[in-house]
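For reference, the structure is listed below as structure tokens.
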Amino acid sequence: NFLTYDFGYSWSLRYAMLVPLILAGGLAGMAVWRSWSRWVYVPLVLVALWAAGAVVILNLMLNRPMSLPTEGFLTSGSGRVLDVGAGSGRAAIGVLLARPNTTAVGVDIYSGYWGIDENTPERFMMNARTAGVAERATARVGDMRQLPFGDGEFDGVVSSYAIDHLRRAERGQAIAEVARVLKPGGEFLLMVVHVDWRTWVVSPMLAHHPSADLEPWRVLLKEHGFSLE
């Protein structure tokens, strides 16, 4: 239930579409009350419905654990997983729910503002408790460009919409660190922001991100020893 979690995404992201909802809805109500032409109030009603739907869909998406985008990740169903740039825990908790024999460590710099209010290890663990997976989860403070772990500690690494927020010159550092902490044959699930028409429909606020060019990411991953599926 998305109402039971608190991943902390900012009001401006989750509820920005309330602004056009209130404006269009108010104007539509006035148009009906004043008996204006349907060519005035019908478009306003449609805008209000679109905005209302966007608010609901965005909250259903953001305030619940992330579903794995592929069933091909960690098909063994067990192992120790690292979530790089874990934030409030959506990806790590999603892995723990989808792979019930895994454990997960979330690591994040937990400093600065990246779209999550009060982004702390405590919020990560609170959401893990809500999901019933806290006994398999740990949150640590650390920089993805210099991970506080030894070589080959993890069977899998997941990173959702985090490494792509680094400066281009630093992305290679983070991916090299991922390669270092993975066991031989370990798996890396990397998610980057990609803006398409659905993003514009649901959240114009998110659409300020440039559309992802995946080829440089493929090149970068191969440079650090990853084979791609």
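Side notes on the structure shown:
- Residue pairs whose Cβ atoms lie under 7 Å apart, separated by 6 or more positions or on different chains, with the first residue in the range 80-92 and farther than 16 Å from VAL181 by Cα and the second of a type in the set (S, T, N, Q) and surrounded by 24 or more Cβ atoms within 10 Å (Cβ to Cβ), are SER88/ASN127; GLY89/ASN127.
- Restricted to the range 71-96, and to residues there that are out of contact with any strand residue (DSSP E or B) (no Cβ under 7 Å at 6 or more places or on another chain) and over 28 Å from SER12 (Cβ atoms), the residue that is least open to solvent (accessible area, probe 1.4 Å) is GLY72.
- Apart from one condition, LEU189 fits all of (1) among the hydrophobic types (A, V, I, L, M, F, W, C); (2) at pLDDT 95 or above; (3) part of a loop (DSSP other than H, G, I, E, B); the exception is (3).
- Among the residues of the range 131-157, those that are open to solvent by less than 70 Å² (accessible area, probe 1.4 Å) and touching an Asp or Glu at 6+ places or on another chain (Cβ under 8 Å) comprise ALA139, GLY142, MET144, LEU147, ASP155, GLY156, VAL157.
- For the range 22-36, the candidate set comprises residues that are open to solvent by 50 Å² or more (accessible area, probe 1.4 Å) and in a helix (DSSP H, G or I); within that set, the residue that is farthest from VAL202 (Cα to Cα) is TRP33.
- Taken over the range 12-21, the criterion of being assigned to a helix (DSSP H, G or I) and touching a residue at least 60 places away in the same chain (Cβ under 8 Å) is satisfied by SER12, LEU13.
- Scanning the range 143-180 for residues being in contact (Cβ under 8 Å) with a residue 24 or more places away in the chain and assigned to a loop (DSSP other than H, G, I, E, B) gives a total of 11.
- Check on ALA169, touching a Ser or Thr at 6+ places or on another chain (Cβ under 7 Å) and modelled with pLDDT under 95: no
- Of all the numbered requirements in (1) under 19 Å from ALA131 (Cα atoms); (2) among the β-branched types (Val, Ile, Thr); (3) over 15 Å from the mean Cα position of the chain (by Cα); (4) surrounded by 14 or more Cβ atoms within 10 Å (Cβ to Cβ), ILE109 misses one, and that requirement is (1).
- For ALA174, the conditions (1) open to solvent by 30 Å² or more (accessible area, probe 1.4 Å); (2) more than 22 Å from PRO100 (Cβ to Cβ) are fulfilled apart from (1).
The values are calculated or read from the model by the stated rules, or taken from the named source; none is laboratory data. Fair warning: this is a prediction, and the values are worked out from it, not measured in the lab. Virtual Cβ from ideal backbone geometry, glycine too; neighbours counted across all protein chains shown. The area values use the complete protein model at the heavy-atom level, side chains included, leaving out ligands, DNA and RNA. Shrake-Rupley method; radii C 1.70, N 1.55, O 1.52, S 1.80 Å.
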